[in-house]
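The values are calculated or read from the model by the stated rules, or taken from the named source; none is laboratory data. Computed from a predicted model, the values in this text were never measured in an experiment. Neighbour counts run over all protein chains shown; Cβ positions are idealised from the backbone, glycine included.
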């Protein structure tokens, strides 16, 4: 929940100048999505939403459906972001319903997975990741994660300025890839958590880290552009 119309315009101006071969998706707050879609209409940069409702229509005041997002030009949406899980209490079942509904509507949901520091210290990381993925498979079917986008974002690394060790991240990504199996060979697994231009290459050199979910650095047009170029 950052930004203003003026700030968004400045970020878009920098992105319009960007020359790189990376696949880029921008996730502005709901109210700025039309502004971003219009600004990027001639640029090969996709636009997504930070969240989505698990229902397609009805009396759900304050919610935004997948169909509405598609209608205004979105092609992606985040589901299960750590802040949605932690602050708003979204459990695996609700995240799975959002993933399923977004997929039905033709959006590409980016499934966010991760653990807290306490859970990490208890050695629960892979077990929790397994539960988060199983909820999707149970709700949306075994083929739901084929050609999917999954983002591992350890909650303890987000906003800390200290990302998880790249080798440690690789092990989690490797587990995710093995968990989704052969049907997910076309899937992309991203890392999110204190990503900066300084650590981008170190992260992306790992074989199972396919891309990055950039948080705070995306609010800085120069830093974000540099990450895109390095990717």
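On the basis of being out of contact with any strand residue (DSSP E or B) (no Cβ under 9 Å at 6 or more places or on another chain), farther than 20 Å from residue 54 by Cβ and touching a residue at least 12 places away in the same chain (Cβ under 8 Å), does residue 178 make the cut?
Against the criterion (out of contact with any strand residue (DSSP E or B) (no Cβ under 9 Å at 6 or more places or on another chain), farther than 20 Å from residue 54 by Cβ and touching a residue at least 12 places away in the same chain (Cβ under 8 Å)), residue 178 does not qualify.
Testing residue 115 on (1) within 25 Å of residue 100 (Cβ to Cβ); (2) surrounded by fewer than 21 Cβ atoms within 10 Å (Cβ to Cβ); (3) touching a helix residue (DSSP H, G or I) at 6+ places or on another chain (Cβ under 7 Å), one condition comes back false. Which one is that?
(2)
Considering every residue within the range 75-82, establish whether at least one is buried (at least 18 other Cβ atoms within 10 Å of the Cβ), in a helix (DSSP H, G or I) and either free of Cβ contacts under 8 Å to residues at least 12 places away in the same chain or touching a strand residue (DSSP E or B) at 6+ places or on another chain (Cβ under 8 Å) (or both).
yes
Restricting attention to the range 97-117, which residues are closer than 16 Å to residue 83 by Cα and over 14 Å from the mean Cα position of the chain (by Cα)?
115, 116, 117
Condition test on residue 73, is it over 23 Å from residue 223 (Cα atoms) and modelled with pLDDT under 95?
In short, no.
Out of 157, 102, report the one residue that is crowded, with 19+ Cβ neighbours inside 10 Å and farther than 22 Å from residue 54 by Cβ.
157
For a quick check of your reading of the model, give me the residue pairs whose first member lies in the range 1-25 and is outside any helix (DSSP H, G or I), whose second is modelled with pLDDT of 95 or more and surrounded by fewer than 16 Cβ atoms within 10 Å (Cβ to Cβ), with beta-carbon atoms closer than 7 Å and at least 6 apart or on different chains.
1/29; 3/29
Give the residues of the range 151-189 that are at pLDDT below 90, within 17 Å of residue 215 (Cα to Cα) and not in a helix (DSSP H, G or I), sorted by residue number.
158, 159, 160, 161, 162, 163, 164
Output the residues belonging to the range 4-25 that are surrounded by 17 or more Cβ atoms within 10 Å (Cβ to Cβ), under 30 Å from residue 96 (Cβ atoms) and in contact with a helix residue (DSSP H, G or I) (Cβ under 7 Å, 6 or more places away or on another chain).
Within the range 4-25, just 24 meets the criteria.
Which of the residues belonging to the range 26-74 are touching a helix residue (DSSP H, G or I) at 6+ places or on another chain (Cβ under 7 Å), part of a helix (DSSP H, G or I) and either in contact (Cβ under 8 Å) with a residue 40 or more places away in the chain or surrounded by fewer than 14 Cβ atoms within 10 Å (Cβ to Cβ) (or both)?
Passing the criteria: only 66.
Which numbered condition trips up residue 95, out of (1) surrounded by 21 or more Cβ atoms within 10 Å (Cβ to Cβ); (2) touching a helix residue (DSSP H, G or I) at 6+ places or on another chain (Cβ under 6 Å); (3) not in a loop (DSSP other than H, G, I, E, B)?
All conditions are met except number (2).
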